[in-house]
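Here is the structure we will look at.
The values are calculated or read from the model by the stated rules, or taken from the named source; none is laboratory data. What you see is a predicted model, and the numbers here were worked out from it, not measured in a lab. Neighbour counts run over all protein chains shown; Cβ positions are idealised from the backbone, glycine included.
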Amino acid sequence: MWCCRACGRPWPCPLARLLLRNEYEDNRIGLAIYLCGLLYEATRDLYRLNPDDAPSPTEMFTRFVAWGPHRRPIVAPPGGW
């Protein structure tokens with residue numbers, strides 16, 4: 001069910017997110033790739049277990065990927081676009 005073994009909340013729970021950020025502190029790209037892989041695995045598992053009541057793609061993205069490392073925003077060049 002992709003729940004945290006320690007607290008029972010949907011994984012990655014806040015503590016798991018903190019630990020992952022710490023573990024991948026110097027490898028933000030690695031964390032992003034890892035989270036995308038987990039998104040794929042969790043989506044496959046959750047839809048297989050309960051196809052009629054599985055989380056939406058938006059919920060899955062928010063849960064697994066959206067909290068992770070982000071690209072820097074595009075900065076307008078001096079003088080604007």
Evaluate the following for residue 35: is it modelled with pLDDT of 95 or more and loosely packed, with under 14 Cβ neighbours inside 10 Å?
-> no
Do you know which of the residues in the range 8-26 that are part of a loop (DSSP other than H, G, I, E, B) and touching a helix residue (DSSP H, G or I) at 6+ places or on another chain (Cβ under 7 Å) is nearest to residue 43 (Cα to Cα)?
-> 12
What is the residue count in the range 1-30 for residues that are surrounded by 11 or more Cβ atoms within 10 Å (Cβ to Cβ) and closer than 17 Å to residue 60 by Cβ?
-> 11
Can you give me the number of residues within the range 42-58 that are outside any loop (DSSP other than H, G, I, E, B) and either surrounded by 12 or more Cβ atoms within 10 Å (Cβ to Cβ) or in contact (Cβ under 8 Å) with a residue 12 or more places away in the chain (or both)?
-> 7
Can you name every residue in the range 6-29 that is charged (D, E, K, R), at pLDDT 95 or above and either within 26 Å of residue 51 (Cα to Cα) or more than 15 Å from the chain's Cα centre (by Cα) (or both)?
-> 9
